[in-house]
1. Find the residue count for the stretch 213-254, including only residues that are within 17 Å of the chain's Cα centre (by Cα) and either at positive phi or hydroxyl-bearing (Ser, Thr, Tyr) (or both).
2. All but one of (1) in contact with a Gly (Cβ under 9 Å, 6 or more places away or on another chain); (2) part of a loop (DSSP other than H, G, I, E, B); (3) free of Cβ contacts under 8 Å to residues at least 60 places away in the same chain; (4) closer than 30 Å to Cys304 by Cα hold for Asn165; which doesn't?
3. Here are the criteria: (1) closer than 22 Å to Phe226 by Cα; (2) out of contact with any Pro (no Cβ under 9 Å at 6 or more places or on another chain); (3) assigned to a helix (DSSP H, G or I). Tell me which single one Ser38 does not satisfy.
4. Does Tyr299 satisfy the condition of being under 17 Å from Thr260 (Cβ atoms), in the same structural domain as Asp268 (by TED's automatic domain parsing) and touching a residue at least 40 places away in the same chain (Cβ under 8 Å)?
5. Can you name every one of the strands (runs of 3 or more DSSP E) wholly within the stretch 223-331 that holds 3 or more residues which are of a type in the set (A, V, I, L, M) and under 17 Å from Ala37 (Cβ atoms)?
6. Can you name the residue in the stretch 86-118 that is polar (S, T, N, Q) and surrounded by 15 or more Cβ atoms within 10 Å (Cβ to Cβ) and, of all such residues, is nearest to Ala41 (Cα to Cα)?
7. How many residues does the stretch 119-147 contain that are charged (D, E, K, R) and more than 16 Å from Ala41 (Cβ to Cβ)?
8. Can we say Arg27 is surrounded by fewer than 22 Cβ atoms within 10 Å (Cβ to Cβ) and in contact with a Cys (Cβ under 9 Å, 6 or more places away or on another chain)?
Amino acid sequence: MTERYYNDDNSPQVSKTRLINEPKNIRPHVVILGAGASVAAFPQGDANGQKLPMMADFVDVVSDLRDLLVSSGIDYDSQNFELLYSKIHELDPRSPLLHDIDKNVRDYFEGLQLPEGPTLYDHLLLSLRPKDIIATFNWDPFLFDAWERHRYTIRLPEVVYLHGNVRIAYCAEHRFQGEKGMYCPECDKELTPSPLLYPVATKNYSADLLISAAWRTLKHVLPSAFTFTVFGYGAPKADKEAFDLMANAWKGKRDREFETIEIIDIKDESLLTEQWKPFMPTLHFMYPKDFYKSQIANYPRRSCEALYVPTVSGRFAETYPIPKNVDLRELTLWFQPLFDAENSVEKNA
């Protein structure tokens with residue numbers, strides 16, 4: 001990165017006014033979401049109080065699934081759900097129980113409803129730009145539904161679903177992706193729902209068209225990313241293939257002298273450093289325990305600029321955090337100067 005941005009004065013700080021009004025074409029910000037992100041975004045559950053499960057408490061939260069396993073004589077106590085599913089698959093890959101488990105999981109997540117007011121996911125989406133990307137491992141519909149309610153008025157980041165999603169479907173023959181319930185414009189057949197469950201031992205990201213395309217997109221963008229945020233994803237041992245794919249893509253062919261990794265997680269910093277060591281050699285790590293203490297929330301739509309300023313220019317960047325307690329209309333109005341500045345720069349380019 002040879003150009004020195006915001007270096008035309010001697011001030012020790014780049015003001016929020018400059019950051020907002022002078023967006024730069026800095027490389028992408030890539031965000032990875034795990035189950036912990038949805039739990040943090042919806043601590044009270046969905047619009048009706050339905051809770052979000054983690055893999056450790058999955059069966060207890062999805063009560064119909066718990067009842068199904070109990071009636072089938074399956075001991076699920078204290079087991080990671082993905083590992084439990086894999087054990088059942090290993091015993092009999094054609095077991096009708098696998099179909100019933102999939103249906104229970106799908107029905108639970110499809111029934112979740114996004115609250116009417118702004119959520120953390122609305123804040124996340126509005127705070128990133130079209131050059132950026134969110135890659136999520138989550139099956140819940142909240143990110144998709146939040147994206148849908150802003151897509152016609154605001155330019156948003158691309159979203160890809162690394163483990164499928166209950167809102168996503170596709171036509172394999174014509175390579176068309178859309179919302180579940182839609183029909184392919186080529187053959188007029190109803191789109192096939194995205195797969196959700198895989199046995200851990202045979203998880204193959206290249207076998208499914210939709211998931212394969214999501215991973216291709218991530219592997220294409222991640223090597224060029226300037227900032228990489230991981231939110232609520234614990235890099236489980238059961239998903240070592242995913243972790244290795246991301247680590248190899250991040251390291252790519254770059255020296256990673258200036259790039260930053262941000263881990264939003266409540267775990268101890270030393271544990272997180274050890275866990276994400278394969279993403280070295282960058283020495284720039286940040287460990288906010290709350291999304292609203294992250295670069296994204298404190299420098300919406302300018303997160304890469306705000307990291308560039310201290311890392312490359314050795315100066316401070318003034319914060320302008322997202323307003324948390326406003327309605328959707330007020331939130332859009334607050335973001336309008338950021339959108340306008342981006343549009344102005346593009347028109348004058």
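1. The total comes to 6.
2. It fails just one condition, (1).
3. Only one criterion in (1) closer than 22 Å to Phe226 by Cα; (2) out of contact with any Pro (no Cβ under 9 Å at 6 or more places or on another chain); (3) assigned to a helix (DSSP H, G or I) is unmet by Ser38, namely (1).
4. yes
5. Output list reads 260-264.
6. The qualifying residue nearest to Ala41 (Cα to Cα) is Asn104.
7. 3
8. It is true that Arg27 is surrounded by fewer than 22 Cβ atoms within 10 Å (Cβ to Cβ) and in contact with a Cys (Cβ under 9 Å, 6 or more places away or on another chain).
The values are calculated or read from the model by the stated rules, or taken from the named source; none is laboratory data. Fair warning: this is a prediction, and the values are worked out from it, not measured in the lab. No Cβ is skipped: glycine too gets one built from the backbone with ideal geometry, and neighbour counts run over all protein chains shown.
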